[in-house]
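Notes to accompany the following structure.
Each value in this text was obtained by applying a stated rule to the coordinates, not by laboratory testing. Keep in mind the model is a prediction, meaning the values are calculated, not measured. Methodologically, a virtual Cβ is constructed for each residue, glycine included, from the backbone with ideal geometry; neighbour enumeration extends over all protein chains shown.
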Amino acid sequence: MMDDILDYTQTSEMLAKPVLNDVKQGIYTLPLILGLETNEKAFLPLLNKGENLSDSDLAALVSLLHDYGCIERAHVITKEYIDKALAAIETLPSHPEKDVLYALTKQLLTREF
């Protein structure tokens, strides 16, 4: 989910991979699903363009996601799942790999690229 959020908050250069390709291919990830749940009428005119979304359409889509708080809500949901995962990891027997797994899972929420 964090990767999906980064797709709407970072540049291709920052992530060293193309961004916003999912939406062009009709793949709706958490931030966009939240946007559709919030105000389908605001998002559908852009999404109906599919692969023909222009750079300005994509910028408008990202702006809508921010305007409706979808990115922030996606962060909250992601944090909830990470917290559940961390709690589950805590129940594992003590082992060096447990510490690595815990650290990697915790790092997911703060990654920026």
Net charge dipole size for the chain [Lys, Arg +1 and Asp, Glu -1 on Cβ; Debye, nearest 20]: 100 debye
Ranked packing of 101-108, 87-94, 49-56, 60-67, most packed first, by mean Cβ within 10 Å: 60-67, 101-108, 49-56, 87-94
Members of Lys24/Lys49; Lys79/Lys106; Lys17/Lys79 lying beyond 18 Å, as alpha-carbon distances in this model show: Lys17/Lys79
Segment 64-113 versus segment 3-58: alpha-carbon centroid distance in Å: 22 Å
For the chain, built as a Gaussian network whose Cα springs stay under 10 Å, the top-fluctuating residue of Leu47, Leu15, Leu32: Leu15
Over the chain: helical MRE at 222 nm, DSSP H runs n ≥ 4 each giving -39500 (n - 2.57), nearest 500: -22000 deg cm²/dmol
Among [x] 50, 34, 21; [y] 52, 29, 20; [z] 47, 35, 27, the entry that matches Cα extents along the principal axes in Å as calculated here: [y]
Positive dipole terminus of the chain, leading residue within Thr11, His95, Gln25 (C-beta point charges): His95
Net +/- balance of residues flanking Leu58 in space, Cβ distance below 14 Å, scoring K and R +1, D and E -1: -3
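Using DSSP H assignments, which helices in the chain have an axial alpha-carbon span of 15 Å or above and a mean Kyte-Doolittle hydropathy of 0.5 or higher?
Working: long enough: 30-47 (19 Å, 0.94); 55-67 (18 Å, 0.59); 70-90 (30 Å, 0.20); 96-108 (19 Å, -0.35).
Those that pass (Cα extent of 15 Å or more, hydropathy at least 0.5) are 30-47, 55-67.
To two decimal places, what compactness ratio does segment 32-84 give when its Cα radius of gyration is scaled by 2.2 N^0.38 Å? Each step should come with its number before you reach the end.
Values: Rg = 12.5 Å, N = 53, 2.2 N^0.38 = 9.9 Å.
Against the empirical 2.2 N^0.38 Å value, I get 1.26 for segment 32-84.
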